[in-house]
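Undergrad: Shown below is the structure under consideration.
The values are calculated or read from the model by the stated rules, or taken from the named source; none is laboratory data. The structure presented is a predicted model; accordingly, all values stated were derived computationally and were not measured. Every residue, glycine among them, receives a Cβ derived from its backbone with ideal geometry; neighbour counts consider all protein chains shown. These accessible areas exclude ligands, DNA and RNA; they are computed on the full protein's heavy atoms, side chains included. Shrake-Rupley method; radii C 1.70, N 1.55, O 1.52, S 1.80 Å.
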Amino acid sequence: MKAGILLAAATLALAGCSGAPAGNDTAEAAYNNSFVSPNLAGGTWQGVFDDPASSIDHFARIGLRPGAYEKVGGEWRSEAVPTAMTDPSAPNPVMAMFVAAGDEKKLSRVTFTLVEPLASNDQQARDQFDKWMSQALTQLGVAGGDQAVKAIHGEASATGTVPGGARYAVDRETTDKDRLLAVTFTPGDPILNGTDPTAS
């Protein structure tokens with residue numbers, strides 16, 4: 001499943017590189033939505049996973065530009081419009097993808113994917129991806145951004161738990177065209193009676 005998610009992200013990213021105005025596809029637009037109040041998800045990942053319709057609305061409000069949540073094959077999913085981490089008119093733009101998936105009633109994962117062409121070597125784009133993902137989670141009001149960034153840079157385990165009831169996993173894959181980095185959040189242990197088993 002991991003490979004399928006990453007390959008789908010690469011395909012969609014390439015498809016999203018053309019035809020859209022550059023000003024609408026920059027990461028700045030995605031993470032500079034200061035008009036959005038934080039804590040949209042209520043402070044826990046359960047607030048993200050338990051209500052797909054509400055979460056898709058929240059993802060839109062923070063600038064992720066999600067598509068409709070609909071059945072695709074054996075799962076329900078919303079695929080966001082690709083976001084350029086570099087100038088989208090450049091020969092080898094670095095793109096970011098966002099996917100939320102699950103069943104009709106609940107999300108089972110949200111994935112942020114960086115798609116970097118092999119011909120590109122852009123640390124600024126990778127840094128931009130870190131900010132893009134972290135700011136999205138901050139605006140949702142859930143933990144995990146800082147931990148995921150540390151995991152990306154080898155400063156934390158590639159898999160683990162974050163406060164608020166979620167697990168994360170950082171996966172990397174190289175295809176014949178791209179280097180792919182996916183950060184996926186999935187439901188963790190539920191918070192019962194106000195006690196979060198993932199809290200440190």
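Undergrad: Applying the selection to the stretch 91-129, what residues are open to solvent by less than 20 Å² (accessible area, probe 1.4 Å) and not in a strand (DSSP E or B)?
TA: Passing the criteria: P93, V94, S120, A125, F129.
Undergrad: Give the residues of the stretch 70-90 that are touching a residue at least 24 places away in the same chain (Cβ under 8 Å) and open to solvent by 10 Å² or more (accessible area, probe 1.4 Å), sorted by residue number.
TA: Once the filter is applied, which keeps residues that are touching a residue at least 24 places away in the same chain (Cβ under 8 Å) and open to solvent by 10 Å² or more (accessible area, probe 1.4 Å), the stretch 70-90 yields K71, E75, W76, R77, E79, V81, P82, M85, T86, D87, P88, S89.
Undergrad: Scan the stretch 131-152 and give yes if some residue there is within 24 Å of D178 (Cα to Cα) and among the acidic types (D, E), otherwise no.
TA: No - not one qualifying residue is present in the stretch 131-152.
Undergrad: Let me ask another. I need a count of the residues in the stretch 130-140 that are in contact with a Pro (Cβ under 7 Å, 6 or more places away or on another chain) and open to solvent by less than 20 Å² (accessible area, probe 1.4 Å).
TA: Going through the stretch 130-140 one residue at a time, the tally reaches 1.
Undergrad: Within the stretch 39-69, how many residues turn out to be of a type in the set (S, T, Y), open to solvent by 30 Å² or more (accessible area, probe 1.4 Å) and assigned to a helix (DSSP H, G or I)?
TA: Here the count works out to 1.
Undergrad: Test V170 against the stated conditions and say whether it is within 13 Å of the chain's Cα centre (by Cα), part of a strand (DSSP E or B), over 16 Å from M85 (Cβ atoms) and modelled with pLDDT of 95 or more. Full working, then the answer.
TA: Values: within 13 Å of the chain's Cα centre (by Cα): yes; part of a strand (DSSP E or B): yes; over 16 Å from M85 (Cβ atoms): yes; modelled with pLDDT of 95 or more: yes.
For V170, the condition - within 13 Å of the chain's Cα centre (by Cα), part of a strand (DSSP E or B), over 16 Å from M85 (Cβ atoms) and modelled with pLDDT of 95 or more - is met.
Undergrad: Using the structure shown, decide if R77 is at pLDDT 60 or above, in a strand (DSSP E or B) and either within 29 Å of D189 (Cα to Cα) or touching a Ser or Thr at 6+ places or on another chain (Cβ under 8 Å) (or both).
TA: Yes, satisfied.
Undergrad: Please name all residue pairs, on different chains or six or more residues apart, with Cβ atoms under 7 Å, provided the first residue is in the stretch 153-179 and is under 29 Å from P93 (Cβ atoms) and in contact (Cβ under 8 Å) with a residue 40 or more places away in the chain and the second residue is of a type outside the set (F, W, Y) and part of a loop (DSSP other than H, G, I, E, B).
TA: K177/L118; D178/L118; R179/L118
Undergrad: Taking the stretch 109-137 only, how many residues are more than 13 Å from the chain's Cα centre (by Cα) and closer than 20 Å to E70 by Cβ?
TA: 0
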